[in-house]
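Since the structure comes first, as structure tokens, the remarks are kept for the end.
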Amino acid sequence: MSVHKEVKRITTHILQEMKSRGEKITMLTAYDFSMAAIVDEAGMDIILVGDSASNVMAGHQTTLPITLDQMIYHASSVVRAARRALVVVDLPFGSYQGNSKEALNSAIRIMKESGAHSVKMEGGIEISESVSRILTAGIPVMGHLGLTPQSIYKFGTYTVRAKQEAEAQKLREDALKLQELGCFAIVLEKIPATLAKEVSESLHIPTIGIGAGRHCDGQVLVIHDMLGINKEFKPRFLRQYANLHDVMNLAIKNYVSDVKSKSFPDETEQY
Ligand code: KIV
């Protein structure tokens, strides 16, 4: 008999049931084992190994530089910690836009080499062939519409998307297309709350919002932002649940001071 307590894993079917009964879905990013273990233990439904790792882990300005190998490294660390949460991994820029065969190979590498449960892809109708091919291989796909950071050089800024009717209409059509193809959920990033509400109500699959208002079926944040590790990043949509920057900074300053003053280690902290 196993001594480990059995934990029921969140599945895409459970997420669907949550939407049906009006229970909100929680999603947070994580990129390493220790952080993912804390997030999972806190009862998160979905852990996203986001390509925001490119920004918050590697210090790049955009999500574009992160590679498939690097995403697999982050994802496999997270998978080792996640006992309950469904783990979703971003397909990084350049690993799926080229052609659908390459997209499938990238998704298969993520699933095989990290042990993750699904992938996320940015875009709508223009990536439908790749989405469809990955789904046909039995790999669950989460869509991502609105502000899609991998296209930042096309947009030019990180401001709210789909404020104009033409872009809003394209987003409605993209969302329906992704649902029709078989995606299990769609992230809606930085779009007007009224549009996110309309899209969420028109779909039977869940929407997960970030800067898209309260009517999405779930919410996602980048963990470094909500824990206040990045001091400078304070967009309107972000609720900061802690000020870890200052907590960590003080602890580290105290350590430096204790070593310099020779008060650490003392007799009880040695052999
Ligand atoms: O990479 C990421 O963290 C994301 C979220 C912002 C949704 O895609």
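Charges on Cβ only, +1 for Lys and Arg, -1 for Asp and Glu, centred on the Cα centroid of the chain; of Gln240, Val87, Asn55, which one is farthest towards the dipole's positive end?
Gln240
What list of ³J(HN,Hα) values in whole Hz, one per residue of the stretch 76-81 in order, does the Karplus curve 6.51 cos²θ - 1.76 cosθ + 1.60 (θ = phi - 60°) give from phi, with Gly and Pro shown as x?
Whole-Hz 3J(HN,Hα) from phi for the stretch 76-81: 5, 5, 5, 4, 5, 9.
Only counting other Cβ atoms within 10 Å, I'd like Arg172, Arg21 sorted with the fewest neighbours first.
Arg21, Arg172
For the stretch 1-60, rounded, prolate or oblate, judged on the Cα gyration tensor with a ≥ b ≥ c (square roots of eigenvalues), a/c < 1.5 rounded, else prolate if a/b > b/c?
It is oblate, given that a/c is not under 1.5 and a/b is not larger than b/c.
Under the rule of at least 5 residues apart or a separate chain, name every residue whose amide H is placed under 5 Å from the amide H of Tyr31.
Sorted by chain and number, the residues that satisfy this are Ala36.
What does the charge count around Val160 come to, taking other residues whose C-beta lies under 10 Å from its C-beta (Lys +1, Arg +1, Asp -1, Glu -1)?
+3
Enumerate the calculated ³J(HN,Hα) couplings along the stretch 197-204 in order (Karplus 6.51 cos²θ - 1.76 cosθ + 1.60, θ = phi - 60°), each rounded to whole Hz, writing x wherever the residue is Gly or Pro.
Taking θ as phi minus 60°, the curve returns 5, 4, 5, 4, 6, 7, 9, 9 Hz for the stretch 197-204.
Which value, in debye to the nearest 20, describes the size of the charge dipole of the chain about its Cα centre when Lys and Arg Cβ atoms bear +1, Asp and Glu Cβ atoms bear -1, and nothing else is charged?
Taking the Cα centre of the chain as origin, the dipole is about 280 debye.
Net charge near Tyr31: determine it from the other residues with C-beta under 12 Å of the C-beta of Tyr31, scoring Lys and Arg +1 and Asp and Glu -1.
Combined, the nearby Lys, Arg, Asp and Glu give -3.
Over the stretch 141-228, what is the relative contact order in percent, taking alpha-carbon pairs closer than 8 angstrom and at least six residues apart?
27 percent
Need the list of lysines near Lys8 for cross-linking: C-alpha distance under 25 angstrom, and skip anything on the same chain fewer than eight residues off.
Cα-Cα hits under 25 Å: Lys19, Lys24, Lys112, Lys120.
Quick check on the stretch 3-243: take the gyration tensor over C-alpha atoms, sort the square-rooted eigenvalues as a ≥ b ≥ c, and tell me if it's rounded (a/c under 1.5), prolate or oblate.
Rounded, because the longest to shortest axis ratio a/c is under 1.5.
Distance between Cα centroids, the stretch 20-86 to the stretch 206-271: provide it in whole Å.
Here the two parts' Cα centres lie 16 Å apart.
From the square roots a ≥ b ≥ c of the eigenvalues of the alpha-carbon gyration tensor of the stretch 135-196, which class results: rounded (a/c under 1.5), prolate (a/b over b/c), or oblate?
Note, shape of the stretch 135-196 comes out prolate.
Each reported figure results from applying straightforward, stated rules to the coordinates on display, with no laboratory input. Here the structure is a predicted model, which is why all the values come from computation and not from measurement. Ideal geometry is used to build each Cβ from the backbone, glycine not excepted, and the neighbour counts take in all protein chains shown.
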